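Derivation of every value follows stated rules applied to the coordinates shown; laboratory data play no part. Bear in mind the structure is a predicted one, so any value in this text is a computation, not a measurement. Glycine gets a Cβ as well: all are built from the backbone with ideal geometry, and neighbour counts include every protein chain shown.
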Amino acid sequence: MRGMKMTTENQTFAEKFDLLGCIQCGRCTGGCPVTVRTNLNVRRFVYDAYNEDLLDELSRMAEIWDCTGCHTCAVRCPKGLKPLEVLIGLRSLVVESGKTQPTVRDALESTFMEGNPWEKPRATRGDWMEGLDVKIAQPDQSVENLFFVCCTIAYDPRVKIVAQNMVRLLEKAGVDYAFLGEDESCCGSEVFTLGEDGLFEMIVEDNTELLNEYQAKRIVALSPHCFTTFKTHYPDLNKPVLHYTQLLAELLEQEKLVFKNGLAKKIVFHDPCYLGKQSGVFDEPRRLLKAIEGVELVEFNRARERSLCCEGGGGKMWVESESKIERLAETRIKDARALEADIVAVACPFCVLTLEDAVKALGYEEEMRVAEIMELLGELDGAQDKSNSA
Amino acid sequence: MTEKPKLGVYICHCGINIAATVDVEEVTEYAQSLPNVVVARNYSYMCSDPGQLLIKNDIKEHGLNRVVVASCSPRMHEPTFRKALQEVGLNPYYLEMANIREQGSWVHEDREAATAKAKTLVAAAVAKVRLLEPLTSREVDAEPAALVIGAGIAGIQAALDIADAGFKVYLVEKSPSVGGRMAQLDKTFPTLDCSACILTPKMVDAANHPNIELLAYSEVEEVGGFVGNFDVKVRKKARYVDVSKCTGCGDCAKECRLANRFPNEFDEGLGKRSAIYLPFPQAVPAKYTIDPEKCLFLTRGRCGKSPKCVDACRAEAIDFEQKDEIVTFKVGAIVVATGFDVFDPAKKPEYGYTDYPNVITGLEMERLVSASGPTGGDIVVHNGEEEITPKEIAFIQCVGSRDQSVGNEYCSRVCCMYTAKQAHLIKDKIPDATVKVYYMDVRAFGKGFEEFYDRVRREGIRYVRGNPSEIFKRGNKLVVKVEDTLTATPLEDEFDLVVLAVGLEPRSDDRKIIDLLRLSQSPDRFFLEAHPKLRPVDTASDGVFLAGCCQGPKDIPDTVAQAKGAAASALIPLARGKVAIDAQVAEVIEDTCRGCGFCVSICPYTAIELVTINRMGHSVEVARVNEALCKGCGSCSAGCLSNSIQPRSFRDRQILPQIAALGGIR
C-alpha cells in the first residue's frame, strides 16, 4: 500500500506518542506531582525521545520509574499528548530487554501465571469471601451488576474489607449483583504502566472475552484503577463500567441505601487520581460521605481536579523511590492534619495503603485514620467484624 | 437547438500544475477527435490574457458556439471565461469547465492514469456543452439601506462608514448601550491611548448620525428575503423607561430598593448595580433600563407601597406598562458584528478561578485598573482573608487558547499584548510590585507590538517560559505550579494575585444569528468567511458580511480594518442600486408539477414556495422558485417525484449524457 505504515508495530516512537505535536509548554512537568521529590522531568523526555538514537540511553535513566501514572500531564496537555505514555514506552524498552528490577519482574510474572501481581495463587482469589454468602456470576444467568473486585482488594488483608462490606451492603439493599469469584483476573492496569505491552494486550483480550460472556447490564469495579483501565483500554467491552461509588450514589438517590448509625467525625476526602482526574468522578464519593449523619465533610485545598497524587499507581508498588524527600502521601496527611480531620476517606485500595503508611510514618495514629469509604459504610451498620479486617 | 454545435476545447497546463502529471498534448489530440469539436488547443495559462485571447480569436475565426476549458475548478475562473465568451458576443453560459487539476493532476501521481482521467473529464464536458442553452442573468433593485448587528467598535465603525456614504443604517445592539467590549478596556496596546477616550466620540457619532437609526436594547428576530431585499424584524425590548423623558440623572438607581445589589456586567461582576441601571457612565444612549429579572415590581408585582424609582424620577420616565416593540424594515445588505465572549476559566478548574478571589481574568483586570472601574483604578484584591494591594503578581498566558483540552485550538491573538499592557500598567501603579508573565510563546506580530514587548521587559516585567499547570493555596499566598522550561526547573512560585490571560471564544448565543442568516462556522466555531484570503468579509449568504471578532479573534486595529472592509462590501449593492441574479437556478415545469411541496421542504435556502395557479379552469398549487434566493444546488431536482423542477444548465438531459461519458459511453 504505497509504503504506508499499516500497523502500530511499524510506527516510530515519535509517531506512536505524537511527539511532534508537543509545543514544549511545560504544563506536563509543571503539573507533575513528583517533581518536588525526584528528578523526573517528563517534558524533557518528550523532547529527547524524538531522537531515536537517544532512546536506549533514556530508557536507562532511573527517573522513568518515578512516574506514578496519575495522568496529570496528560490531562493538562494542551495538545492532546500523553507524556506519561512516553515514559511507559521507555519502560517497555527495559522490559523487552529483560533488565527490569526483580520486584517488577516478579509482579509481571505473577500476573501472567496467577492473574495477579501480588504473587498469590489464583486459587485463593476468592478467599476474601470466607464466611460470606456471595452470589457468583454464571455466564447463562443475567444479572444487573457484575462486580470486579481488583487483585489488591482480593488479596490484601488490609483492604479486602472493601469487597466484604460491599457484599453485605448489596444483600441488605436488595441489589441484583454477582461477583466473578475465582474466574476474575487482573485488569492489567499496573502491567500497562510497568510497560509490559505484550502481556497487557493479552490481558485485555482475555478479560474482554471473559466479561463479554456474562449477561450483565454493567460492570461495577471496586478499584478506580480497574474502572479507568476498563474504560480507556478495553475498546471492545460490550457493557458500561461503573465505579462502586457511582452505583452507591445511585442507590442513595433511590433511597435504597439507609445507614443505621451516624458518624460524628470530621472527614476529608482524598480524590484518587484514577477516579477523579482520569475519570471525572468527583461528586459521588462526596455525596456518600455527606449522606452519613454527623459527618462534617471538609476539603483539601488541592481537591478534585487539583488533587495531590499519593504515589500508589504507575507500578510504584514494585519500584521503591530513591528520594529522601518527603513522600507526597505524607504531605497529604500533614494537610489533613492541618484541617484537623479525624478521617481521611478514600475510594481506592492503593490510596489506603500509601496514606496509611504516611500516617504511621508521621506518628498520627492517635489523631487520625485512613479509611476506604466502604469501610466507613460498613461500620455504620455495625456489620464490620473487626477481626475480619485485621 | 437550431445551429449545429461547433466546439472549441482548451486544455490548460497551469504552469506545471497540470502539465507535469497530465500529458496535455495527448488530451488535446484526443479532444480533437471528439464529435463536433472544431478546434482543440493547449496553453500554459488559459486564464491569462493571451490564453483568453486564444479562445476569443477562435470563436471569431471558426464561428465556435460552445467552449470547453479543461483546467481548474470552476470556482475561481468560470466567471473569467464566461466574460471572455461574452466579450466576443457568445452567450456566457455556453461554457463548460473540465476540472483536470483538483480532480486530476493534484490528486494523482501516475501520469498515464491521470492523462486517461483528464481525457474522460474532457469527453464528459464535451458531451454536456453541446446541450447547454443560452441563459440571461437578471438584475433587481437593491434597497438603499443596511442592517448592522452589534454595536461594538466593529459595528459602530461599519455603521458610520455606510452612513457617511449616504445610506440609511439600522444599528441593532442587544445590550442597553453601544460600545461593546472596547468600552470595558482601560488602555489600548501598544500605544496606551485610553480606550474610552477614542471610543466614546464614535459611540456618540453613531447615535447622532442622521443616517443611523440606533436600536439599542434590541434583537433581530427574523430576516427574510435576499441580497438587495432583506426583510428584517427587530424586537425593541421594553426598558420600562420612557427614553424620550429619561434625563440619565441616575436618581432612580440611587433610590432603588435593590440599589447596588447585583453584579454589574460591565465591570465583569466586580462592581454592583441596582435593578434600574445605566451600564456605565458613558453609556449611549444615556438612558436607564430596568432589569426585568431583578426588579421587585416586575418580578413580584409590588415594591413597597410604590416603587422608589417612580418616586425618585422627576422626569416621570418610569413606565411599567411599557411593552416590547416590533420594528420591521427593508435593507439591501447586512453586516454581522456580534463580537465574542471571553473564555470562562471555570472550564480549567486547575487554576482555581472559582475558588480564589485573587485569581482573576484579564478582562476583570481591565476593570480593576480602569479609573472608571469599581475601585477607581486602585489595584486591590481580596486574598481570601483581607483586601490587599498585591505586590507579587503573575500573568498566565494562553488560558483557553491553543488548548485542545478545552476545544480551542486557535491563538486568541490579543492576550500576549493585553498582558504586556496590563503588566506595564501595574508596574506604573505599584512600582515595587514583582510582575511575572508565564508564557509559552510571545506573539507580538502587529505594528508596534514587538517594540512594546521590548519596552515592557526592560521595565522589569519578568517573562518566564513555561505554561503553569496548577494553582493552589499555601497560607495566604497563591502557589503557581509551573516549570521554567528554559532551565528545566519545576517551580512552585508564590503570588498575591494571578491574572489569567483568557482567550476569546465565539459568543454563546451565536446559534441564533447562525440560524437567522444561514451562516456557517469554521472549525474554531467562529463565523466562516466566504474565502479565507480573497473574500475575508463575505459569507456564503450573499449580501451578508462579517466584521470583527465574530469571524475570529482580532485586536482593535484589525477589527476596525475589517469593519471598514465589510462596510465597503455592503456598500456595493447599495451604491449600485441593483443586484445581479444568477441564471443557473432551478426552474419549475408548471404543467407537470403536482404541488406536493416536497421540494419546498428540501430546499436549504427556503427559495421555493407553493403558489396557486389556474390550470385549465382549476386552481392548483405548484412550486415557484425565488430566483434571487436559489443557489442552483439541485436538491429540489433530486427530490422531485415528477421531474418537474430542474436547475438550468444541470437538467437531466444535460447531465445524463455527461455522466454517461464519464462511464465511457458516448
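List of remarks:
- B:66, B:458 arranged by Cβ crowding within 10 Å, fewest neighbours leading: B:458, B:66
- The stretch B:586-647: translational diffusion in µm²/s, Stokes-Einstein, Kirkwood Rh over Cα pairs, 37 °C, 0.692 mPa s: 289
- For residue B:42, the residues whose amide H sits under 5 Å from its own are B:11, ignoring neighbours fewer than 5 places away on the same chain, with H placed 1.01 Å from N.
- The mean number of Cβ atoms from other chains found within 10 Å of a Cβ in peptide B:472-483 is 4, as a whole number.
- Computed on the stretch A:11-97, the Cα convex hull volume stands at 82 Å³ per residue.
- Cross-link pairs exceeding 25 Å between alpha carbons, from the set A:82/A:120; A:290/B:477; A:16/A:239; A:16/A:79: A:82/A:120; A:290/B:477; A:16/A:239.
- Remark: the stretch B:312-322, residue by residue, has Karplus-estimated 3J(HN,Hα) of 6, 6, 6, 7, 6, 8, 5, 9, 6, 7, 4 Hz, where x stands for each Gly or Pro and the curve is 6.51 cos²θ - 1.76 cosθ + 1.60 at θ = phi - 60°.
- Full extension of the chain between residue B:20 and residue B:652 gives 224.0 nm of extra length, using 0.36 nm per residue less the Cα-Cα distance.
- From phi via Karplus (6.51, -1.76, 1.60), per-residue ³J(HN,Hα) for the stretch A:308-325 in Hz, x at Gly/Pro: 8, 4, 8, 6, x, x, x, x, 5, 5, 10, 10, 6, 7, 7, 4, 9, 6
- Extension gain from residue B:325 to residue B:386, taking 0.36 nm per residue of separation minus the Cα-Cα distance: 17.2 nm
- Computed over the stretch B:342-505, the range of Cα coordinates on each principal axis works out to 37, 33, 32 Å, biggest value leading.
- Helix-only mean residue ellipticity at 222 nm for chain B, each DSSP H run of n ≥ 4 adding -39500 (n - 2.57), per residue, nearest 500: -8000 deg cm²/dmol
- Zone residues, the stretch A:261-283, relative to residue A:367, backbone N less than 19 Å from point 7 Å out along Cα-to-Cβ: A:265-270
- Base-10 log of normalised Debye intensity for the protein assembly as shown (one unit scatterer per alpha-carbon) at q = 0.06, 0.10 Å⁻¹: -0.68, -1.26
- Cα-based convex hull, the stretch B:267-398, per residue volume (Å³, whole number): 216
- Pairs of lysine residues in the stretch B:7-129 that meet both criteria, 8 or more places apart or on different chains and Cα atoms under 19 Å apart, total 4.
- FRET efficiency, 1/(1 + (r/R0)^6) with R0 41 Å, evaluated for residue A:381 and residue A:105 via beta carbons: 0.45
- Overall Cα dimensions of the stretch B:1-127, principal axis frame, Å, largest first: 41, 28, 21
- Residues in the stretch B:124-138 carry Karplus couplings, in order, of 5, 5, 5, 4, 7, 4, 4, 9, 6, 10, x, 10, 10, 7, 10 Hz; the curve used is 6.51 cos²θ - 1.76 cosθ + 1.60 with θ = phi - 60°, and Gly or Pro positions show x.
- Distance from the alpha carbon centroid of the stretch A:355-381 to that of the stretch B:218-259 works out to 62 angstrom.
- Size check on the stretch B:199-330: the Cα extents along the three principal axes, sorted descending, read 52, 33, 29 Å.
- Taken over the alpha carbons of the stretch B:110-235 as equal point scatterers, the Debye sum produces base-10 log I(q)/I(0) values at 0.11, 0.13, 0.20, 0.22 Å⁻¹ of -0.57, -0.64, -1.14, -1.23.
- Inter-centroid distance (Cα atoms) of the stretch B:562-591 relative to the stretch B:367-381, Å: 49
- Sequence-distant contacts, meaning Cα pairs under 8 Å at least 6 residues apart, place the relative contact order of chain B at 13 percent.
- Taking every residue in A:75-84 and counting other chain Cβ atoms within 10 Å of its Cβ, the average works out to 4.
- Shape call, the stretch B:311-387: gyration tensor on alpha carbons, a/c limit 1.5: oblate
- Semi-axes of the equivalent ellipsoid for the stretch B:287-352, computed as √(5λ) from the eigenvalues of its C-alpha gyration tensor and ordered from largest down, come to 34, 27, 11 Å.
- As a rough guide to protection, the peptides A:321-331, B:174-184 ranked by mean Cβ packing within 10 Å, highest first, stand as B:174-184, A:321-331.
- Electrostatic tally near residue A:244: other residues with Cβ closer than 11 Å to its Cβ, Lys and Arg +1, Asp and Glu -1, net -3.
- Secondary structure note: in the protein assembly as shown, about 45% of the DSSP beta bridges are antiparallel.
- Mean projected area of the convex hull spanned by the Cα atoms of chain A, taken over all viewing directions: 20.1 nm².
- Reachable aspartates and glutamates from residue B:578, criterion Cα separation under 14 angstrom, eight or more residues apart if same chain: B:139, B:141, B:143, B:542
- Three-way shape label, the stretch B:251-312, alpha-carbon gyration tensor, a/c 1.5: prolate
- Across the stretch B:454-501, the volume of the C-alpha convex hull divided among the residues equals 95 Å³ per residue.
- Each 10 Å bin from zero up to the one holding the largest Cα-Cα distance in chain B carries the following percent of pairs: 3, 13, 18, 19, 17, 13, 10, 5, 1, 0.
- Radius of gyration and Dmax over the Cα atoms of the stretch B:416-482, both given in Å: 13.1, 43
- Test item: B:402-410 mean partner chain Cβ contacts at 10 Å: 3
- Sequence ranges A:371-377, B:136-142, B:3-9, ranked by mean other-Cβ count within 10 angstrom, highest first: A:371-377, B:3-9, B:136-142
- Equivalent ellipsoid dimensions for the stretch B:440-583 as semi-axes, Å, which come from the Cα gyration tensor, largest first: 44, 19, 12
- DSSP-assigned coil residues among GluC sites (Glu not before Pro) in the stretch B:443-541, each with at most 14 further Cβ atoms within 10 Å: B:459
- Amide proton proximity set for residue B:391, modelled H, under 5 Å, gap of 5+: B:496
- Segment residue B:316-residue B:205, length gained on full extension (0.36 nm per residue, minus Cα span): 37.2 nm
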